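Trainee: The following block contains the structure, expressed as structure tokens.
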Amino acid sequence: MTNEESYCFDVGGYLVVREALQPGEILALNAALERSGRPEGMLGWPGREREPFRDLLVHPVLVDYLNEICGTGFRLERLPRLISDDPAAGTAFDGTLSGGDEPRDPARAYYHQNHRRQCQLVRAVWALADVEEGDGGLVFVQASHKTNVPPPPGFLEGERDLGLVRGARLRAGDLLLLADTVMHGLRPWKGRGPLRLLDYGFAARGVCLETGTGPQAGEPGRPEWHDELTPEQRAVLYRPGRRDDTPAPVLAADGGRTRVSESPEPLHPSFLAPDPASGIDHEELFFWDLCGHLVLRQVMDPDDLALANEAIDRFEDRIVVGEELARGSRSLAGTGRPTLSGLLQLPEPWCGPFRRMVAHAAVVHRLTWMGGSGFRCDQPAAFCAVKGTSGHALHDANEPLNPSRSYVFRNGRSYCEAVTVTWQLRGLGEEDGGFACVPGSHKAQYPMPDGVRTCDDHMGLVAHPTFRAGDVLLFMDGAQTHGTLAWRSEVPRRGILVKYSSRNFNRSGGEMVHPSARWGDLVEGMTDAQLAVMRGPDRDNHNGNVPRLVVEDGGVGVDYERKGGLYNAETPKGPLAPG
């Protein structure tokens, strides 16, 4: 698999392989389905009718991908079925979803460690007719194979969409590979032509999930001496693969006694329970962990909204046009980005709305559960793109690793070390441009492909949220892959960006970086190498923006060369010790 394909499956939980089937193969499969008129049982159909479906079990394109995604030795776990809009197929288009990785089901889960990937259960869906986005049919939630938070009430039931459920554009002959723990389901078909998808389920070699259809699977398969055991003892000596023991027997122990549970539901206690007093909205936490960003609707006071827009109009002569940030992208190309800084220092009353933004209760409440208390912010800046302003090539996903920009979810808590908050002073539609991101990229295990960075070939992974005036966007600055699309609207953009960092790391530098400012007379007479380790917390960016020690010929020197990233103006550019 290419890095682009690995990135797509790792981040999104799906991959579309274009033109996996040849026209003759599509024709043979459709013809067999039409002659049979049945939606299942294909592998056992009589005579030549079954052969096209058996060929799909070991199709060369499929084998190549499953060897890498499931691992060698993968096997069919679920018999193929036809997903069709034909009422005779009996497909239920009720909009409900299944899947997700919380609570985790190891038999279906996605694993990645030390450059090795294994998805335990993969749906291989062959398109035998075209599907457009928005047609309905098979839908899924991008990146939900890595969820840490259970879905909120009503989401799996199809009562709440949250803007997360989507389909994939497919052409006849395409192959959709979908991790089974991606939340997925079926919505009513709205396409012009027929819906015709063939769905096979493949599992890694050791997975225990379902039984086969052979006669031996229905036999007990226990030796005679098992009759001498208690039911509890037999329950832990079962062998997988037989219907009597699928799902696996459930043992429970209480008060010193072990018993076989009457319920087939797995028993796996949790040490943690949701805290109703936490003040965290379930939908917001689910969305934040899943996507890496969150939109709050209609937060701004109308008077502040009007005053903030008036302030930018009044001081538009201070707007500075910066560099073009498309970084070689065709789709993002344009002119430099106009920004207005110094908003907190504007005269009264113009500074008021911007000062009220930095510690606004709605934002502080979210920042507290997103990364804990003690956060701080830089000066707000107004982004004032006009028609033709370039986009900003997508960047970050914390690659290469930098803890000061990371995201971790553990024991019910979000640990996000950097969050950017954008206040929307004007509405932003689908065609306007502005903020774009890759939902789920804050958990990526592969480098960002160039087509995603430039948005020239983003494989459907890039999202472009829309906003109304007064909305607020929060996103994982550094953890989530993000950027902006070129501005296409006749109306200039008005977004106020405020960057927050956690109490744990310094992302902005400052005068306390100097050894003498931090330690006073204690550093008097130290060598340059000693002074280099006596600095205060500096801007934590990438390697090459702070003095760093190097060992050469048995001695220790200091490298001051600056390369890559932004620098703190107070960071020493050369030796501090007297020559």
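Trainee: Where the centre of each part is set by its Cα atoms, how far does region 195-217 sit from region 393-466, in angstrom?
Mentor: Here the two parts' Cα centres lie 36 Å apart.
Trainee: Take peptides 60-70, 465-475, 433-443 and line them up by average Cβ neighbours within 10 Å, highest first, as a rough protection proxy.
Mentor: Values: 60-70: 17.1, 465-475: 20.1, 433-443: 25.9.
Descending packing order for the listed peptides: 433-443, 465-475, 60-70.
Trainee: While we're on this one: Peptides 152-163, 373-384: what's the order by average Cβ count within 10 Å, highest mean first? Each step should come with its number before you reach the end.
Mentor: Details: 152-163: 14.5, 373-384: 17.5.
Result, highest mean first: 373-384, 152-163.
Trainee: Right, here's the next one. For region 179-287, run through the chymotrypsin sites (Phe, Trp or Tyr not before Pro) and keep only the ones in DSSP coil with at most 12 other Cβ atoms within 10 Å of their Cβ.
Mentor: Numbers: sites: Trp189, Tyr200, Phe202, Trp225, Tyr238, Phe271, Phe286, Phe287; in loops: Trp189, Tyr238, Phe271.
The qualifying sites are Phe271.
Trainee: Give me the dipole magnitude in Debye, nearest 20, for the chain about the Cα centre, with unit charges on the beta carbon: positive for Lys and Arg, negative for Asp and Glu.
Mentor: Details: 62 positive and 79 negative charges, 35 e Å.
So the dipole magnitude of the chain works out to roughly 180 debye.
Trainee: What do you get for the angle between helix 60-69 and the principal long axis of the chain? Use alpha-carbon atoms, 0 to 90 degrees, nearest ten.
Mentor: Roughly 60 degrees between the two axes.
Trainee: Students often get this wrong, so check it: of Lys387/Lys573; Lys443/Lys563; Lys499/Lys563; Lys146/Lys563; Lys146/Lys499; Lys387/Lys563, which have C-alpha atoms separated by over 29 Å?
Mentor: Details: Lys387/Lys573 39 Å; Lys443/Lys563 27 Å; Lys499/Lys563 23 Å; Lys146/Lys563 35 Å; Lys146/Lys499 27 Å; Lys387/Lys563 33 Å.
The answer is Lys387/Lys573; Lys146/Lys563; Lys387/Lys563.
Trainee: Now for a different question. Which order do the peptides 117-124, 216-223, 100-107, 503-510 take when ranked by the mean count of other beta-carbon atoms within 10 Å per residue, highest first?
Mentor: Values: 117-124: 23.4, 216-223: 12.2, 100-107: 15.9, 503-510: 17.5.
Going from most to least packed, we get 117-124, 503-510, 100-107, 216-223.
Trainee: Follow-up. Cα gyration tensor of region 326-474, axes a ≥ b ≥ c as square roots of the eigenvalues: rounded (a/c below 1.5), prolate (a/b > b/c) or oblate? Numbers along the way, then the final one.
Mentor: Working: a/c = 1.94, a/b = 1.10, b/c = 1.76.
Taking the square roots of the gyration eigenvalues as a ≥ b ≥ c, region 326-474 is oblate.
Trainee: If you find the alpha carbon centre of region 39-100 and of region 244-287, how far apart are they in angstrom?
Mentor: Spelled out, the Cα-based centre of one part sits 32 Å from the other.
Trainee: Over the heavy atoms of Glu323, what accessible area does a 1.4 Å probe trace out, to the nearest 10 Å²?
Mentor: 120
Trainee: Can you pull out the trypsin sites (Lys or Arg not before Pro) in region 16-69 whose DSSP state is coil and whose Cβ has at most 16 other Cβ atoms within 10 Å? Please list the in-between numbers first.
Mentor: Values: sites: Arg18, Arg35, Arg48, Arg50, Arg54; in loops: Arg18.
The qualifying sites are Arg18.
Trainee: In Å², and per residue, what accessible area does the chain have when probed at 1.4 Å with the other protein chains present? Before the final figure, lay out the partial values.
Mentor: Details: 28380 Å² over 579 residues.
On a per-residue basis, 49 Å².
Trainee: Also, I was wondering about something else. Which shape class applies to region 324-394: rounded if a/c is under 1.5, otherwise prolate when a/b exceeds b/c and oblate if not, where a ≥ b ≥ c are the square roots of the Cα gyration tensor eigenvalues? Mind dumping the intermediate values first?
Mentor: On the way: a/c = 3.37, a/b = 1.56, b/c = 2.16.
Judged from the Cα gyration tensor, region 324-394 comes out oblate (a/c at least 1.5, b/c at or above a/b).
Trainee: Counting only protein heavy atoms and a 1.4 Å probe, tell me what percentage of the chain's accessible area is made up of carbon and sulfur.
Mentor: Values: 14490 of 28380 Å².
Of the solvent-accessible surface of the chain, carbon and sulfur hold 51 percent.
Trainee: Can you give the charge dipole size of region 148-301 about its Cα centre, rounded to the nearest 20 debye, using +1 on the beta carbon of Lys and Arg and -1 on the beta carbon of Asp and Glu?
Mentor: In total the dipole reaches around 900 debye.
Trainee: Considering the values [x] 1.16; [y] 1.01; [z] 1.20, which represents Cα Rg over 2.2 N^0.38 Å as calculated for the structure under consideration?
Mentor: Of the labelled values, this structure produces [x].
Trainee: State to the nearest 20 debye the size of the charge dipole of region 178-263 about its Cα centre, where the only charges are +1 on K and R beta carbons and -1 on D and E beta carbons. Please report the intermediate quantities before stating the final value.
Mentor: Working: 12 positive and 12 negative charges, 146 e Å.
Dipole of region 178-263, to the nearest 20 debye: 700 debye.
The values are calculated or read from the model by the stated rules, or taken from the named source; none is laboratory data. Since the structure is predicted, the reported quantities are computational estimates derived from the model, not experimental observations. No Cβ is skipped: glycine too gets one built from the backbone with ideal geometry, and neighbour counts run over all protein chains shown. Heads up: the accessible areas ignore ligands, DNA and RNA and are worked out on the full protein's heavy atoms, side chains in. Shrake-Rupley method; radii C 1.70, N 1.55, O 1.52, S 1.80 Å.
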